[in-house]
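Participant: One structure follows; several queries about it will come next.
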Amino acid sequence: VSTSTDNIARFMARNGNDVTVVAPKPVMKGEVTPQKSLTITHTPSFPDPFFDGKSFSPFPMPFRTLQTVMKHIDLVHIQEPGAIGYTAMYVAKRRHIPVVGALHFTPEQIFRILFFPKIPLFITLMKRYIRWFYNKCDGIMIPTETFAGFLRESGVTKPIIVVSNGVDTKDFVPTNNRLAKRDQFKLPKDKILFFFLGRLDFDKHADTIIRALPKTDSGVHLIIAGEGKEE
């Protein structure tokens with residue numbers, strides 16, 4: 001979600017829009033690459049108990065920040081329907097600002113990162129909240145047809161547009177010198193490379209790929225790159 005947010009914000013800023021990203025104050029040290037027409041504003045936050053290096057802003061902590069930011073906003077894009085997303089929706093509706101919502105999870109996926117068993121009532125309540133929240137949007141942007149089907153099955157009737165999570169082709173360019181690259185990283189030249197790049201936390205299920213590898217052709221070589229609690 002963070003990568004998607006960064007890509008969308010920088011694309012919009014490059015194309016002549018003034019963009020403000022509102023996110024929880026980070027707990028990690030580091031700098032964000034500045035860009036013209038792009039502003040990053042932080043809400044008060046706490047460390048997330050489930051993920052190293054992640055922070056979150058429970059309601060109503062984001063309220064004052066969003067009240068200030070949205071005084072001069074023409075369009076609101078909500079990446080997740082959490083506390084900041086709910087607050088943004090509330091302020092946008094009071095100010096009659098159009099809202100585009102995005103979705104990057106299902107209730108079943110949420111239970112994969114929790115430490116207690118799946119509770120049917122909780123899933124039912126989450127689906128009701130999702131139906132209520134996204135029917136408040138003027139439009140919805142999601143990365144896959146699977147998410148589109150989930151929203152429609154949940155009773156969401158607002159327009160849904162599928163926009164895949166792509167990559168920036170200025171940074172990721174195919175090379176003709178692939179064998180030399182394999183030498184550089186000491187990779188076999190005669191095998192098909194299957195590559196996983198991502199956050200190595202348990203909700204990503206990189207272990208599933210490892211367990212599946214013996215069931216594939218012997219000519220497949222697995223590469224895993226990333227950091228996280230499951231490293």
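Participant: Tell me, what HN-Hα J-couplings in whole Hz come from the Karplus equation 6.51 cos²θ - 1.76 cosθ + 1.60 at θ = phi - 60° for each residue of region 138-143, using x for Gly and Pro?
Facilitator: With the stated coefficients, region 138-143 comes to 7, x, 10, 10, 10, x Hz.
Participant: For region 73-231, with all protein chains present and a 1.4 Å probe, just round the carbon and sulfur fraction of the accessible area to a whole percent.
Facilitator: 58
Participant: I would also like to ask the following. Hey, for a label at Lys25 modelled as a point 7 Å past Cα toward Cβ, could you say which residues of region 51-73 have their backbone N under 20 Å away?
Facilitator: Only 51-70 pass the distance filter.
Participant: Further question: Got a sec to turn the phi values of region 144-156 into Karplus ³J(HN,Hα) couplings, 6.51 cos²θ - 1.76 cosθ + 1.60 with θ = phi - 60°, whole Hz, x for Gly and Pro?
Facilitator: Those phi angles translate into 9, 5, 4, 5, 4, x, 4, 5, 5, 5, 7, x, 7 Hz.
Participant: Here is a further query. Mind sorting out which of (1) 1, 5, 10, 14, 17, 17, 14, 9, 6, 4, 2, 0, 0; (2) 1, 6, 13, 15, 16, 13, 11, 10, 8, 5, 2, 1, 0; (3) 1, 6, 11, 13, 12, 11, 9, 8, 7, 6, 5, 4, 3, 2, 1, 1, 0, 0, 0, 0, 0 is the real P(r) over Cα pairs in 5 Å bins from 0, in percent computed from the coordinates?
Facilitator: Matching the structure shown: (1).
Participant: Moving on. Counting only helical runs of four or more DSSP H residues, what would the 222 nm mean residue ellipticity of the chain come to if each run contributes -39,500 (n - 2.57) and the total is spread over all its residues?
Facilitator: Computed ellipticity for the chain at 222 nm equals -9500 deg cm²/dmol.
Participant: Another question, if that's okay. Relative contact order for the chain using alpha-carbon pairs under 8 Å, separation at least 6, rounded to a whole percent?
Facilitator: 12
Participant: Given a 1.4 angstrom probe, what's the average accessible area per residue across region 54-181, in square angstrom?
Facilitator: Result: 63 Å² of accessible area for each residue.
Participant: Okay, moving on. I want to verify a result. In a Gaussian network model of the chain, Cα cutoff 10 Å, which of these has the top mean-square fluctuation: Arg131, Arg211, Arg152?
Facilitator: Arg211
Participant: Sticking with this one: Semi-axes, largest first, in whole Å: what does sqrt of 5 times each Cα gyration tensor eigenvalue give for region 161-222?
Facilitator: 22, 22, 11
Participant: Ignoring ligands, DNA and RNA, please state the percent of accessible area on region 1-55 from carbon and sulfur, probe 1.4 Å.
Facilitator: Ligands and nucleic acids excluded, carbon and sulfur reach 57 percent.
Participant: Along the charge dipole of the chain, Cβ charges K/R +1 and D/E -1, which of Gly149, Asn17, Ala225 sits furthest on the positive end?
Facilitator: Asn17
Participant: Calculate the length of the line joining the C-alpha centroid of region 168-231 to that of region 46-86, in whole Å.
Facilitator: After rounding, the separation between the Cα centres reads 34 Å.
Participant: So, one more: Dividing the alpha-carbon Rg of region 1-96 by 2.2 N^0.38 Å yields what?
Facilitator: The value comes to 1.06.
The values are calculated or read from the model by the stated rules, or taken from the named source; none is laboratory data. Computed from a predicted model, the values in this text were never measured in an experiment. FYI the Cβ positions are ideal-geometry reconstructions off the backbone, even for glycines, and counts take in every protein chain you see. Areas reflect the complete protein model, heavy atoms only, side chains present, ligands, DNA and RNA absent. Shrake-Rupley method; radii C 1.70, N 1.55, O 1.52, S 1.80 Å.
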